[in-house]
1. What about residue 129, is it in contact with an Asp or Glu (Cβ under 9 Å, 6 or more places away or on another chain) and assigned to a helix (DSSP H, G or I)?
2. Out of the residues in the stretch 119-149 meeting the condition of being touching a residue at least 12 places away in the same chain (Cβ under 8 Å) and more than 30 Å from residue 69 (Cα to Cα), tell me which one is surrounded by the fewest Cβ atoms within 10 Å (Cβ to Cβ).
3. If a residue counts only when it is surrounded by 11 or more Cβ atoms within 10 Å (Cβ to Cβ) and in contact (Cβ under 8 Å) with a residue 24 or more places away in the chain, which helices (runs of 4 or more DSSP H) contained entirely in the stretch 25-118 have at least 3 such residues?
Amino acid sequence: MTDSTSSNSSPDGDADLPSPKPRDPAASYDFPRFAENMIADFLAIPNDHSHSRRRPAKDLNGIVEQILTKYHIGREAPEHVIRENWKAIAGSNAHYSQPVQIDPRGRLLVLVSHAVVRNELFMHRALIVEKIRKLPGCGGVREILVKAG
């Protein structure tokens with residue numbers, strides 16, 4: 001009589017399954033918070049009742065680069081370029097006015113010391129914006145807000 005079982009099957013007739021890979025004892029597991037709290041209850045250690053969310057770790061170099069770019073650290077900011085050229089942009093009103101900052105909408109805030117200067121800059125705002133947009137890195141300025149301050 002011939003044996004009906006093939007050579008790669010076990011004596012019970014089940015096919016040989018690949019053996020499971022050994023687990024790395026140093027591997028960390030991310031369990032949901034409720035599961036970790038159940039384990040903590042079992043081990044009699046304090047639960048984690050925080051409302052924080054677990055996030056994957058980020059590369060510190062990428063975060064530092066984002067901060068440097070956002071706050072123009074070590075880079076020429078559009079506000080600096082405008083301040084350096086403000087006398088040529090505003091003319092005789094430059095002594096009584098100061099460009100402060102550009103908001104996310106592209107509006108340049110200019111503080112002035114006299115209402116007359118505010119009115120003068122307000123009347124020439126289209127020309128001033130045109131001059132500012134010609135400066136390097138200042139193409140995002142769309143309008144100016146002139147405030148007495």
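Here, each number is a calculation from the coordinates, and none is a lab measurement. Remember, it's a predicted structure, so these values are computed and weren't measured experimentally. Cβ sites come from the backbone with ideal geometry, for glycine too, and all protein chains shown count toward neighbours.
1. Judged against the criteria, residue 129 is a match.
2. Step one: filter the stretch 119-149 for residues touching a residue at least 12 places away in the same chain (Cβ under 8 Å), giving 120-122, 125, 128-129, 131-132, 135-138, 140-149.
In the following step, the residues that additionally are more than 30 Å from residue 69 (Cα to Cα) were identified as 120-122, 148.
Values: 120: 18, 121: 22, 122: 14, 148: 11.
Applying the filter and picking the extreme gives 148.
3. Details: elements: 33-43, 60-70, 78-84, 86-90.
By residue number, 78-84.
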